[in-house]
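Peer 1: This is the structure, below, for whatever I ask next.
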Amino acid sequence: MKIKGLICSLVLTMSAFLIANTHADDLSKYIFVSDAWVQAMPPSQTSSAAYMTITNNSSKEAVLISASSDIAGAVEIHQMSEMSGMMNMAMVSNIRIPALGKVALKPGGFHIMLINLKKPVNKGEIVPITLHFQDGSSIMVNADVRAQ
C-alpha cells in the first residue's frame, strides 16, 4: 500500500512538472507588437511592406525567423542598407530581438515584404500577419493599412 501511494505521488508530481514546463521556452507570451502597419499600394502593385515594433520582455533573446500572411503569395524578412551611397534591399534570415529590448521594423530598415499580393491593400483595411520565432512560437498581428 505504501509503494502504491508513493508511485501515485511520484506520478502526480511528474505530471505537474510536465504541465508547468510544457511551454517554458515559449517566448511568445513575452513578445508584444505595437504600431503594426502595411503600406497602402495602388492596385497595379503586387508587393507591399509591413512595419512594426517588436518588444521582447523576456530575459532571453527572441529570434524572428519568418512571417506569413494569407494576403500574399510569399512573405520575406528584408533589410534596407546603404552601400556606396546607394540604398539596397536584401532578404535576411532572421531578426534578433534582444532580451528586455525591442526592434523597430521601419521604412529604411528592417521590414516584412508581402510579395505577390492576392488583392490590393487599401487604406483602412487590416492585414493579418503571423510572426514565427525560432523557439517554435508564433504571434498573430493585425496591421493597419496606411497611406504614407
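Peer 1: How much accessible surface does PHE110 have with a 1.4 Å probe, in Å² rounded to 10?
Peer 2: Around 50 Å² of this residue is reachable by solvent.
Peer 1: How about LYS29: which aspartates and glutamates have a C-alpha closer than 18 Å to its C-alpha, ignoring those fewer than 8 places off in the same chain?
Peer 2: GLU61, ASP135
Peer 1: Below 16 Å, Cα to Cα, which aspartates and glutamates can LYS106 reach? Residues fewer than 8 away in the same chain don't count.
Peer 2: ASP35, GLU76, GLU82, ASP144
Peer 1: Calculate the tail of P(r) for segment 88-127: the fraction of all Cα-Cα distances greater than 15 Å, expressed in %.
Peer 2: 59 percent
Peer 1: So what does SER44 come to for accessible area, using a 1.4 Å probe and Å² rounded to 10?
Peer 2: In the full protein context, SER44 sits at about 100 Å².
Peer 1: Follow-up. Given H placed 1.01 Å from N in the peptide plane, which residues other than close sequence neighbours of LYS60 have an amide H under 5 Å from its amide H?
Peer 2: Placed amide hydrogens put LEU100 under 5 Å from LYS60.
The values are calculated or read from the model by the stated rules, or taken from the named source; none is laboratory data. Model, not experiment: these values are computed from the prediction. Please note that ligands, DNA and RNA were not included when accessible areas were found on the heavy atoms of the full protein model with its side chains. Shrake-Rupley method; radii C 1.70, N 1.55, O 1.52, S 1.80 Å.
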